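To keep things clear, I will list the structure first and then write my remarks on it.
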Amino acid sequence: MNGKKRIIFHVDMDHFYTAVEERLRPELEGKPVIVGADPSGGEGRGVVSTSNYEARKFGVRSGMPISRAWKLCPQGVYLPVNMPLYVKVSDRIMTILREYGDKFEQWGIDEAFLDVTSKVDGYIEAEILAREIKKHILVREGLTCSVGVSCNKLIAKIASEMQKPDGLTIVKEENAEKFLASLPVRRLLWVGKKTEAALGVMGIATIGDLASHDPGELTEAFGVMGKQLYLMAHGIDNSEVEERTEIKSIGRDVTFQEDTDDFDFVLKTVDDLAEDVYNQVSSNQFYFKTVTIRVRYENFETHTHAKTLFFATDRLLDLTKTARGLMRPYLRPDRKIRLVGVRASNLMSVSNQKKLV
Ligand code: TTP
Ligand code: MG
């Protein structure tokens, strides 16, 4: 730690699915647009995925039954969900955003956190950088987003919701508690309907109410979560911005019916496991870079051994050859094997990989 105060951005695209559709169909301009299930003239089942801000004026909201949306806004333009399109646009936006942060964390299809601490000196520079990011996305993708800027993820996320659409909200650390105080508790991450109701019973409606409540009583009512709620209400959140791929690795292992020293059989099993792993890796459209094997001997002594390749690959042969190579030193005439496993990690999605080329 260098002691420098962190500066964190939260970027959230405005009415994402409908915005992407509108960008492709200029004739939708100014109309209420709803993406979701087929309304079938008001008889449709399923829900609204999202609606643009014109449709929101009629009360249409994400998660609402599509039949209800139809009642509220029969004149709206209803479009089906085109997930591959939104994923493609999302990937491009995330590639833009990633460049701006020391650290980057995607959070859902249209949101990300950036830690920009080393990129800016203070909040004036942070504002300039946030405007630059907003402009970059607008010029490249024709889409607007809302940005929250603060000293941690919690406040940055709440800030980004404050002035949607096309917003920019900066909350300095010294103003954080005051900023939070009047907001409903529901705005805090992790506070769902149930917690909101339980807090309501205790007379807690706003984040300010929560902050001034007796922390002991909160812990009594909610356990560890109570302490967390109390800290959040005071604007305290030390969690890091950290990149995560949802699936970190894909692996398979097998315990033999009988411990074996038939090493041809062991290697054949490694090939089979590698093929299983490969099928799952490729059906998720991943490239992998690291291969790990696991061996358990008859006395349960267990070893893992990994190799990281110089390149990311999506070839079965790279997986089987590497796994076999890693396994060989463990095939010893004096030791029977009980279990073997193969794992691929350091995964990246094919779409990201293509962008690097
Ligand atoms: P959100 O960012 O929550 O919503 P939004 O981008 O449509 O609108 P806002 O301007 O308020 O940010 O979600 C992003 C996308 O995720 C949204 O465009 C559609 C999808 N989504 C659903 O499919 N179902 C849901 O219930 C929600 C909340 C979102
Ligand atoms: Mg959004």
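The values are calculated or read from the model by the stated rules, or taken from the named source; none is laboratory data. What you see is a predicted model, and the numbers here were worked out from it, not measured in a lab. Glycine also receives a Cβ, built like all others from the backbone with ideal geometry; neighbour counts cover every protein chain displayed. Note: areas computed on protein heavy atoms with side chains; ligands, DNA, RNA excluded. Shrake-Rupley method; radii C 1.70, N 1.55, O 1.52, S 1.80 Å.
Got a number for residues in segment 66-84 being within 16 Å of ligand 2 (Cβ to nearest atom) and either aromatic (Phe, Trp, Tyr) or part of a helix (DSSP H, G or I) (or both)?
Here is the first cut: in segment 66-84, the ones within 16 Å of ligand 2 (Cβ to nearest atom) are 81, 83.
Retained after the next criterion (residues that are either aromatic (Phe, Trp, Tyr) or part of a helix (DSSP H, G or I) (or both)): 83.
Total meeting the criteria: 1.
For Gly63, indicate whether it is surrounded by fewer than 15 Cβ atoms within 10 Å (Cβ to Cβ), at pLDDT below 95 and within 16 Å of ligand 2 (Cβ to nearest atom).
Criteria met by Gly63.
Based on this model, can you work out whether Pro26 counts as away from ligand 2 (no atom under 16 Å from the Cβ) and touching a strand residue (DSSP E or B) at 6+ places or on another chain (Cβ under 7 Å)?
Working: away from ligand 2 (no atom under 16 Å from the Cβ): yes; touching a strand residue (DSSP E or B) at 6+ places or on another chain (Cβ under 7 Å): no.
Taking the combined requirement at face value, the residue does not satisfy it.
Tell me, which residue of segment 25-48 that is without any contact (Cβ under 8 Å) to a residue 24 or more places away in the chain and touching a helix residue (DSSP H, G or I) at 6+ places or on another chain (Cβ under 8 Å) is nearest to Leu143 (Cα to Cα)? Break it down into steps so the answer makes sense when it comes.
Kept after step one, since they are without any contact (Cβ under 8 Å) to a residue 24 or more places away in the chain, are these residues of segment 25-48: 25-27, 29, 40, 45-48.
Next, only the ones that are touching a helix residue (DSSP H, G or I) at 6+ places or on another chain (Cβ under 8 Å) stay: 29, 45-48.
Numbers: Glu29: 13, Arg45: 30, Gly46: 27, Val47: 24, Val48: 21 Å.
Per the criteria, the residue is Glu29.
Might you let me know whether segment 119-139 holds any residue that is away from ligand 2 (no atom under 16 Å from the Cβ), open to solvent by 70 Å² or more (accessible area, probe 1.4 Å), over 28 Å from Ser51 (Cβ atoms) and not in a helix (DSSP H, G or I)?
yes
Of Leu331, Leu319, which residue is under 16 Å from Tyr278 (Cβ atoms), at pLDDT 95 or above and touching a Phe, Trp or Tyr at 6+ places or on another chain (Cβ under 7 Å)? Steps first, please.
On the way: Leu331 fails: under 16 Å from Tyr278 (Cβ atoms).
After applying the criteria, what remains is Leu319.
Looking at the structure I just gave you, is Arg98 over 18 Å from the mean Cα position of the chain (by Cα), in a helix (DSSP H, G or I) and within 26 Å of Tyr86 (Cβ to Cβ)?
On the way: over 18 Å from the mean Cα position of the chain (by Cα): no; in a helix (DSSP H, G or I): yes; within 26 Å of Tyr86 (Cβ to Cβ): yes.
Taking the combined requirement at face value, the residue does not satisfy it.
Among the candidates Glu196, Glu173, Glu240, single out the residue that is touching a Cys at 6+ places or on another chain (Cβ under 7 Å) and open to solvent by 60 Å² or more (accessible area, probe 1.4 Å).
On the way: Glu196 fails: touching a Cys at 6+ places or on another chain (Cβ under 7 Å); Glu240 fails: touching a Cys at 6+ places or on another chain (Cβ under 7 Å).
Among Glu196, Glu173, Glu240, only Glu173 is touching a Cys at 6+ places or on another chain (Cβ under 7 Å) and open to solvent by 60 Å² or more (accessible area, probe 1.4 Å).
If you go through segment 81-106 one residue at a time, how many are open to solvent by 60 Å² or more (accessible area, probe 1.4 Å), farther than 14 Å from Ser51 by Cβ and either at pLDDT 95 or above or within 14 Å of ligand 1 (Cβ to nearest atom) (or both)? Can you show your working first?
Narrowing segment 81-106 to residues open to solvent by 60 Å² or more (accessible area, probe 1.4 Å): 81-84, 87-88, 92, 98-99, 102-103, 106.
Filter again for farther than 14 Å from Ser51 by Cβ, leaving 82-84, 87-88, 92, 98-99, 102-103, 106.
Next, from what is left, pick out any that are either at pLDDT 95 or above or within 14 Å of ligand 1 (Cβ to nearest atom) (or both): 82-83, 87, 106.
So the answer is 4.
Filter segment 25-60 for residues that are open to solvent by 60 Å² or more (accessible area, probe 1.4 Å) and among the hydrophobic types (A, V, I, L, M, F, W, C); which is modelled with the highest pLDDT?
Only one residue fits best here, namely Phe58.
Residues in segment 276-291: is at least one more than 30 Å from Lys5 (Cβ to Cβ), more than 27 Å from the chain's Cα centre (by Cα) and not aromatic (Phe, Trp, Tyr)? Steps first, answer last, please.
If we filter segment 276-291 for residues that are more than 30 Å from Lys5 (Cβ to Cβ), which is where we start, we get 276-291.
From what is left, the residues that are more than 27 Å from the chain's Cα centre (by Cα) are none.
No, every residue in segment 276-291 fails to be more than 30 Å from Lys5 (Cβ to Cβ), more than 27 Å from the chain's Cα centre (by Cα) and not aromatic (Phe, Trp, Tyr).
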